[in-house]
Amino acid sequence: MKRPPLMPLLPVVLAIVWLLLNDSLAPGHVLLGIVFALLVGAAIRPLRPLPAWPHRLHVAIGLIWHVFLDIVRSNIGVGRVILGATRRQPTIGFVRIPLDLRDPHGLAMLSIIVTGTPGTVWAGHDPAANVLTLHVLDLWDEDAWIRTIKDRYERPLMEIFE
């Protein structure tokens, strides 16, 4: 059984952001920030029926590093395609990737990673078959894309969220 957190993180973060945006620690701003954070936290609670409980945060650090490197590489690759630095035309295509990840928070993170990486877009997900459809700007090796998504992203996300 999963235990609830001692204090919800969202109201704390909202109060801190409120104070940073107002650039003040005056008692009135602190009070307004706390009230704002609590009201927003209470208003969105019904919208989040499943709480996220990430585990193994040390795995997240490695995942963040891999995502950062892949985003830099993809920016360079997409830039080369757009600027015409490659002699060949890009092979645009779709890849269907069978997923083992079922956690909705892990799937949401995977969609953010894939869509945030230039040259790829999360084009769809079939929940019944648990298959991701990925649009790729320059699809030269479908098996390499499947291995990349499953090994570099899906496996760490499963460790973190399941």
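Condition check ((1) surrounded by 12 or more Cβ atoms within 10 Å (Cβ to Cβ); (2) under 16 Å from the mean Cα position of the chain (by Cα); (3) among the aliphatic types (A, V, I, L, M)) across all residues:
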site: SER74; (1), (2), (3): yes, no, no
site: THR117; (1), (2), (3): yes, yes, no
site: GLY124; (1), (2), (3): yes, yes, no
site: LEU132; (1), (2), (3): yes, yes, yes
site: GLU142; (1), (2), (3): yes, no, no
site: ARG155; (1), (2), (3): yes, yes, no
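Can you say whether TRP65 is exposed (fewer than 12 other Cβ atoms within 10 Å of the Cβ) and not hydroxyl-bearing (Ser, Thr, Tyr), as far as the supplied structure shows? Yes: the conditions hold for TRP65.
Among the conditions (1) closer than 30 Å to ASP143 by Cβ; (2) among the small types (Gly, Ala, Ser); (3) surrounded by 11 or more Cβ atoms within 10 Å (Cβ to Cβ), the only one that GLY33 does not satisfy is (1).
Among the residues here, MET109 qualifies as in contact (Cβ under 8 Å) with a residue 12 or more places away in the chain, within 16 Å of the chain's Cα centre (by Cα) and buried (at least 20 other Cβ atoms within 10 Å of the Cβ). In the stretch 124-131 there is no residue that is assigned to a helix (DSSP H, G or I), within 25 Å of ARG48 (Cβ to Cβ) and either among the hydrophobic types (A, V, I, L, M, F, W, C) or in contact (Cβ under 8 Å) with a residue 24 or more places away in the chain (or both).
Of the residues PRO90, PRO46, PRO54, PRO118, which is assigned to a loop (DSSP other than H, G, I, E, B) and within 30 Å of LEU21 (Cα to Cα)?
On the way: PRO90 fails: within 30 Å of LEU21 (Cα to Cα); PRO46 fails: assigned to a loop (DSSP other than H, G, I, E, B); PRO118 fails: within 30 Å of LEU21 (Cα to Cα).
Step by step, each of PRO90, PRO46, PRO54, PRO118 is checked, and only PRO54 is assigned to a loop (DSSP other than H, G, I, E, B) and within 30 Å of LEU21 (Cα to Cα).
So, LEU107, is that one part of a loop (DSSP other than H, G, I, E, B), under 17 Å from GLU162 (Cα atoms) and not basic (Lys, Arg) or not? Here the answer is no, as LEU107 does not meet what is asked. Pairs linking a residue in the stretch 57-72 that is over 14 Å from PHE161 (Cα atoms) and assigned by TED's automatic domain parsing to the domain that holds ARG147 to a residue that is at pLDDT below 95 and not in a helix (DSSP H, G or I), with Cβ atoms under 8 Å and 6 or more positions apart or on different chains, are VAL67/THR117; ASP70/THR117; ILE71/THR117; ILE71/PRO118. The number of residues in the stretch 81-97 that are exposed (fewer than 13 other Cβ atoms within 10 Å of the Cβ) and modelled with pLDDT of 95 or more comes to 0.
The values are calculated or read from the model by the stated rules, or taken from the named source; none is laboratory data. Being a predicted model, the structure only gives us computed values, none of them experimental. Don't worry about glycine lacking a Cβ; one is built from the backbone with ideal geometry, like all the others, and counts go over all protein chains shown.
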